[in-house]
1. Please compute the length gained on full extension between Ile116 and Glu23, using 0.36 nm multiplied by the number of residues separating them and subtracting their Cα-Cα distance.
2. Along the Cα→Cβ direction, 7 angstrom out, place labels at Glu146 and Ser65. What is the inter-label distance in nm?
3. Collect residues whose amide H, placed 1.01 Å from N in the peptide plane, falls under 5 Å from the amide H of Gln110; neighbours closer than 5 in sequence don't count.
4. From the helices alone, meaning DSSP H stretches of at least four residues, give me the mean residue ellipticity at 222 nm for the chain, per-run term -39500 (n - 2.57), in deg cm²/dmol to the nearest 500.
5. Using 0.36 nm per residue, how much length does the chain from Phe123 to Arg154 gain when fully extended, once their Cα-Cα distance is taken away?
6. Can you tell which of Gly122, Met68, Leu148 lies farthest toward the positive end of the dipole of the chain, using +1 and -1 charges on the Cβ of basic and acidic side chains (Lys, Arg; Asp, Glu)?
7. Under 15 Å from a point placed 7 Å out from the Cα of Glu37 along the Cα-to-Cβ direction: which residues of the range 104-138 have their backbone N that close?
Amino acid sequence: MDDVCGLPSGGSVPIAARALPPEGAPPGLPARVVVTEPAAELIRELVGRHGPVMFHQSGGCCDGSAPMCYPDGEFRVGQRDVLVGELDLGEARVRVWISGSQFETWKHTQLVLDAIPGRGSGFSLENPTGRRFLSRARTFDAAEQEALAGFPPRTGADFED
């Protein structure tokens with residue numbers, strides 16, 4: 001993957017960070033989640049205001065399908081929720097989760113967290129900033145899907161005490 005994410009409109013956005021590779025992963029294993037520079041800037045701002053944060057990719061309903069940003073630990077992760085990845089943004093490590101059923105639908109795509117002007121959704125921390133997080137996706141090619149199959153993501157059940 002390039003350091004740029006292609007957008008449906010034909011534009012592109014620079015990628016600021018990729019999820020950390022799973023333990024034992026080979027070099028070049030594609031990240032299941034990446035973050036654009038505008039999103040990384042907004043995450044750093046929110047961490048400065050609220051402390052550590054986490055994301056849960058919404059599955060719809062009242063907040064559409066927006067990535068929701070919460071203070072870390074405020075959103076209760078379920079046993080079947082999938083950890084799409086952990087982003088290292090220097091001063092902040094951010095876990096990105098998605099429901100298990102939604103992951104099954106999206107597992108062939110790389111989640112691209114972006115930020116654009118607009119109003120945030122629901123209870124997401126960026127709501128009052130005048131910017132909102134947006135999910136984009138890039139389809140993995142067959143070789144990437146095969147490589148990722150050897151490194152299934154962890155679930156909420158893996159984190160229970």
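1. The Ile116-Glu23 span can extend by a further 30.2 nm.
2. 2.8 nm
3. Arg138, Thr139, Phe140
4. After summing the helix terms and dividing by residue count, I get -5000 deg cm²/dmol.
5. Answer, rounded to one decimal: 8.6 nm.
6. Among Gly122, Met68, Leu148, the one farthest towards the positive end of the dipole of the chain is Gly122.
7. 114-116
Read-outs: derived from the displayed coordinates by stated rules, not from any lab. Keep in mind that this is a model prediction, so the values were computed, not measured. Cβ atoms come from the backbone with ideal geometry, glycine included; neighbour counts cover every protein chain shown.
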